[in-house]
1. Select from segment 24-38 the residues that are assigned to a helix (DSSP H, G or I) and either out of contact with any Phe, Trp or Tyr (no Cβ under 9 Å at 6 or more places or on another chain) or more than 18 Å from residue 106 (Cα to Cα) (or both) and write down the one among them that is most open to solvent (accessible area, probe 1.4 Å).
2. Name the residue that is modelled with the lowest pLDDT, counting only residues in segment 39-63 that are small (Gly, Ala, Ser) and more than 17 Å from residue 25 (Cβ to Cβ).
3. Do you know which residues across segment 138-162 are modelled with pLDDT of 90 or more and in contact with a Lys or Arg (Cβ under 8 Å, 6 or more places away or on another chain)?
4. Could you list all residues from segment 124-159 that are basic (Lys, Arg) and crowded, with 17+ Cβ neighbours inside 10 Å?
5. Go through segment 39-59 and count every residue that is acidic (Asp, Glu) and either more than 19 Å from residue 110 (Cα to Cα) or outside any helix (DSSP H, G or I) (or both).
6. Hey, can you tell me all the residues within segment 5-18 that are of a type outside the set (D, E, K, R) and open to solvent by 80 Å² or more (accessible area, probe 1.4 Å)?
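The values are calculated or read from the model by the stated rules, or taken from the named source; none is laboratory data. Please read all numbers here as calculations on a predicted model, not as lab measurements. Glycine also receives a Cβ, built like all others from the backbone with ideal geometry; neighbour counts cover every protein chain displayed. Areas reflect the complete protein model, heavy atoms only, side chains present, ligands, DNA and RNA absent. Shrake-Rupley method; radii C 1.70, N 1.55, O 1.52, S 1.80 Å.
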Amino acid sequence: MNLRRVYEYSLQREHEGKSFFAGNAHRMSHAAAYGIFQRLAAEEQKHIEFIESLLRSLDEGEGNTQASLTLDQEDRFAQRADSEMLDQTVIESMIPDVAILRMAYLIERDFAEFYERSAQQAEGKAAEALAALARWERGHEALFKELHDRVFEEYAHMPWGG
């Protein structure tokens, strides 16, 4: 496994994710949803910094040594967003955002799957770093899956014409 290529690909994808969340924040119809997308863009920046530190460790000849920057084991972002977002009035106001929420869910799911596959092929500290990234993305995935499903459920039960 070429760790440099995995990390470089990861870095590119994280930049794309950050751009998606930052760019779509303004499209969200509810202020709380806007805030979640803004905070997720900031979370993706943490992923970028983490991966950049992994690349630096390769450049410095440290091989699989995990960078000093660590990811939170418990994803406080997802916990906070969950507590802020899932009341019924917010869900109802997010109906126009269902497509954006679906894309957010799919992005996070793809990230998690990529990191899990990479972690299975890596060894030592590199495997640990990739597994930590996968856990973080799984937390974000679960949040957006729940948001999407609740918003879609509300939409599906609306009378025709909204």
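1. 34
2. 63
3. Across segment 138-162, the qualifying residue is only 141.
4. 135, 138, 145, 150
5. 3
6. Answer for segment 5-18, where residues must be of a type outside the set (D, E, K, R) and open to solvent by 80 Å² or more (accessible area, probe 1.4 Å): 9, 12, 15.
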